[in-house]
1. Rounded to the nearest 10 degrees, what's the angle between the helix 61-76 long axis and the longest principal axis of the chain, both from Cα atoms, 0 to 90?
2. Give me the mean projected area, in nm² to one decimal, of the convex hull enclosing the Cα positions of the chain.
3. Can you compute the modelled spin-label distance between residue 21 and residue 3, with each label point 7 Å from Cα toward Cβ, in nm?
4. Would you mind checking the tilt of helix 19-50 against the longest principal axis of the Cα atoms of the chain, expressed as 0 to 90 degrees and rounded to 10?
5. Taking the Cα centre of each part, how many Å lie between the stretch 1-53 and the stretch 67-89?
6. Starting from the Cα coordinates of the stretch 54-133, work out the convex hull volume and express it per residue in Å³.
7. Going from the alpha-carbon gyration tensor of the stretch 5-46, what semi-axes, largest first and in whole Å, does one get by taking the root of 5 times each eigenvalue?
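Where a number appears in this text, it was derived from the coordinates with a stated rule and is not lab data. Keep in mind it's a predicted model, so treat the numbers as computed, not measured. Cβ placement follows ideal geometry from the backbone for every residue including glycine, while neighbour counts extend to all protein chains displayed.
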Ligand SMILES: [Zn+2]
């Protein structure tokens, strides 16, 4: 029968080393690595945002994600602006400007050019309405 012994740390147990301390050390390392992972994910996300063709600084993360997905879909040709419920500002006389709803209260505004869609900006519903009433995107 193995005898229980007292390790240097003061814990008692069986075997060559203290399993209690070993477990704590392992948990500490796992926690550290999860923290590190989260930090890396956060950094990757920040870089992703910074690389976006439109500024997303003022946009909530969930909306920003949706905007990036929408831009990807359009760029890859996986969806047309019409499939994404986008509309041309025809009544404004700016049919080359397309407004695509993002969720309930945001809009992605693009310009239809010879080289394809140019992403202009992301606006809240309110900012969008203000912009419309002050003449839209006419240049
Ligand atoms: Zn111990």
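1. The angle comes out near 60 degrees.
2. Average projection, Cα convex hull of the chain: 14.5 nm².
3. 2.0
4. With both axes taken from Cα atoms, the answer is about 10 degrees.
5. 44
6. 88
7. 35, 7, 5
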